[in-house]
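To keep things clear, I will list the structure first and then write my remarks on it.
No lab work stands behind these numbers, since they all come straight from the coordinates. Quick caveat: nothing in here was measured; it's all calculated off a predicted structure. No Cβ is skipped: glycine too gets one built from the backbone with ideal geometry, and neighbour counts run over all protein chains shown.
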Amino acid sequence: MDECSFSEFLCQHECVNQPGSYYCFCPAGYVLLDDTRCQDINECEIGNHTCTLQQTCFNTQGGFKCLNPVRCEEPYILISENHCMCPAENPGCRDQPFTILYRDMDVSGRTVPSDIFQMQATSRYPGAYYIFQIKSGNEGREFYMRQTGPISATLVMTRPLKGPREMELDLEMVTVNTVINFRGSSVIRLRIYVSQYPF
């Protein structure tokens, strides 16, 4: 009897028929649980990765990424391991975002719509208001920014993403101060990873 042909829900990934029974198996990077589901192996946690000492291991569903140290492009300078700043005294910084903060996340298996990332101003000035927007990387219109308060917004994933895929979104917070006639911005450069499988 071919048990696998009766139901596609016997196994989360793949069902293999054999005489008198069947067995389930998972793709590379996953381990099979007792209840036939596949669970991601965290290669970074168990040390089963190929990243160098200079790189950071970032776990993804079914694999891992070796992230190189952040390098700031001119005229930006590095102020922490994932944070670049454009010095105000540098004339080349006049029309650039004041800071760029680098973040990484895996969104595999998310249902839509899904709130995936929160942005918030760290300080609030009298007369200032904030505009949150996706500056680049959203050509397929899979995301939008929803303002959740006067100083915060949430990135919402509106369409399912098919993997394997990597994306990079620039999320911008524009600060406008009408009292001192100031306008400036900060960017979070969010790298998004999507696995080949929906689990």
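Counting every other Cβ atom within 10 Å of each residue's Cβ, Leu53, Leu78, Leu101, Leu32 order from fewest to most as Leu53, Leu78, Leu32, Leu101. Electrostatic bookkeeping for Ser136 treats Lys and Arg as +1 and Asp and Glu as -1; over the other residues with beta carbon under 11 Å from its beta carbon, the sum is -2. About the Cα centre of the range 8-85, what is the dipole size in debye to 20, counting +1 per Lys and Arg Cβ and -1 per Asp and Glu Cβ, all else neutral? The calculated dipole for the range 8-85 is roughly 120 debye.
About the centre of its Cα atoms, the chain shows a dipole size close to 880 debye [charges on the beta carbon of Lys, Arg (+1) and Asp, Glu (-1) only; nearest 20 debye]. Using alpha carbons only, the radius of gyration of the chain set against its Kirkwood radius gives Rg/Rh = 1.11.
The distance from the alpha carbon centre of the range 92-162 to that of the range 68-91 is 20 Å, rounded to a whole number. Charges were assigned to the Cβ only: +1 to each Lys and Arg, -1 to each Asp and Glu. The resulting dipole of the range 98-199 about its Cα centre is roughly 140 debye. Could you work out the local net charge near Val194, counting Lys and Arg as +1, Asp and Glu as -1, over the other residues with Cβ closer than 15 Å to its Cβ? My count for the surroundings of Val194 gives 0.
Sorting Ser136, Ser186 from the fewest to the most surrounding beta carbons within 10 angstrom yields Ser136, Ser186.
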